[in-house]
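The values are calculated or read from the model by the stated rules, or taken from the named source; none is laboratory data. Quantities reported herein were computed from a predicted structural model and do not represent experimental measurements. Ideal geometry is used to build each Cβ from the backbone, glycine not excepted, and the neighbour counts take in all protein chains shown.
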Amino acid sequence: MISPQLEPEHKSIQPTQIKKEPSPFLHSLRAQDLALIKTEAKRTMLSRWHNIDLRSQAVRQRMSKVLNELNAPKELLYVPVAESGYNPYALSPAGAFGLWQLMPGTAIELGAHHRNGIDDRRHVEASTRAAVTYLLTLHKRFNSWPIAICAYNLGPWGVERRLRKKPWSPKQGLNALPFPAETRHYVKQILGMIALAEEGELLFSDPLPTQFINVSAPIDLTQMERISGLDKHELFRFNPAFDYQHYMNRNLSIHLPLENLNALEQALINNPDIFKPKFTTVAIKKGDSLSKIAHQHHTTVRHLKRINPHLKRTLSIGKKVIIPVYGSLTMASSKANPLLSKGRRIRYKVKSGDSLWKIAQKFGTSTRAIARTNQMSKKRLIRPGDRLWVIARFRPS
């Protein structure tokens, strides 16, 4: 009798035997630093994570694609958490804007412009490409991810100047970083999130897959939103770069979830003009009259009065008048993107000596309003480097 040949016996590899390489962001950090930053990240992030993750779902697939194209580490997706809470409309008191909080001058240097009603600082791909390229440059310059993140916050020249006076290595600990407390808090927050993610405690959920459709001008985005089946203002969450609701002379690439995109494509097949605006607005200029406006836009004074029932006989310069869109589109303006903050919704970075009361006084609001906006108690301790949303009544002088 011939016995069956048995496979040679191999010892099975237990999961515990496979040593996972630590993230390069955490490489060489001391154990006490890792414990500290994880504790701090839990304190500041766990209660807010659901809302941050929810906001990120609309844009993160597109951001991840840019990171892959640039061969950048996926951990950089935690930087916008600290910068903007994944709100592409976040505006800082200093004027930094968007997911990555790019300053105007820095954005232009990195190729992110604001032209023809499209703001690249709010554009998902353009802002991500600019910010990540900058972070990769900083990493190459300093050969350290913690220092590169500090330089993103403080500026490379400030970091370099301080390091010349007082060099730093991870073995010295994060508290020994020769930078302001605000910058140290900033890097600890990001590294803490990465450390929690390594342990599976702070993970992003799957992003919403989106695709784009090219649409020729003129375009009424609110009409497009309604036909696609999106909720009110949802189109502007997926496409935060748009300044306006109507685009008369510029073709657009519009990103939407696949099911909504299918509805738009079908509507275009049935009626190629379905997204063209029926009405838009013009601003009254010096010397304008109703008859002049009517003549310029190929309509009548009677029609203008009918679609503008509150229009007075005396026209006020700067006031908007609704006009039918079948005339000179180059002279038409449009309502603003409804999600633009108009400078009121501010992402504020807590400074040394700040309290909720002081911040409220600075922006003309109340401690109760700040606490409600940030879903926290009025008694919660705030620390330098913490980020708060503030609905400002005015900007500080």
Problem set entry | Unmet requirement for residue 88, which otherwise passes all of (1) surrounded by fewer than 21 Cβ atoms within 10 Å (Cβ to Cβ); (2) closer than 30 Å to residue 230 by Cα; (3) under 19 Å from the mean Cα position of the chain (by Cα); (4) not hydroxyl-bearing (Ser, Thr, Tyr) | (1)
Exercise. So which pairs qualify, if the first residue must be in region 350-379 and closer than 19 Å to residue 85 by Cβ, the second must be hydroxyl-bearing (Ser, Thr, Tyr) and at pLDDT 85 or above, the Cβ gap must be under 8 Å, and the two must be at least 6 apart or on different chains?
Worked result: 356/367; 359/348; 363/348; 375/47; 376/47
For this session: Check whether at least one residue in region 230-241 is part of a strand (DSSP E or B), farther than 29 Å from residue 145 by Cβ and of a type in the set (A, V, I, L, M), and report yes or no.
Result: no
Exercise. Restricting attention to region 242-261, and to residues there that are in a helix (DSSP H, G or I) and exposed (fewer than 15 other Cβ atoms within 10 Å of the Cβ), which single residue is farthest from the chain's Cα centre (by Cα)?
Worked result: 259
Exercise. Can you find even one residue in region 204-213 that is closer than 30 Å to residue 151 by Cβ, in a loop (DSSP other than H, G, I, E, B) and not charged (D, E, K, R)?
Worked result: yes
For this session: Answer yes or no: is there a residue in region 164-181 that is of a type in the set (Lys, Arg), assigned to a helix (DSSP H, G or I) and crowded, with 17+ Cβ neighbours inside 10 Å.
Result: no
Problem set entry | Residue check for residue 352: among the hydroxyl-bearing types (Ser, Thr, Tyr), under 19 Å from residue 184 (Cβ atoms) and not assigned by TED's automatic domain parsing to the domain that holds residue 88 | yes
Seminar exercise, completed: With criteria (1) more than 16 Å from residue 203 (Cα to Cα); (2) in a loop (DSSP other than H, G, I, E, B); (3) under 17 Å from the mean Cα position of the chain (by Cα), residue 72 comes up short on (3)
For this session: Mind counting the residues in region 102-140 that are part of a loop (DSSP other than H, G, I, E, B) and more than 21 Å from residue 160 (Cβ to Cβ)?
Result: 9
Exercise. Looking at region 286-309, is at least one residue in a strand (DSSP E or B) and either out of contact with any helix residue (DSSP H, G or I) (no Cβ under 6 Å at 6 or more places or on another chain) or surrounded by 10 or more Cβ atoms within 10 Å (Cβ to Cβ) (or both)?
Worked result: no
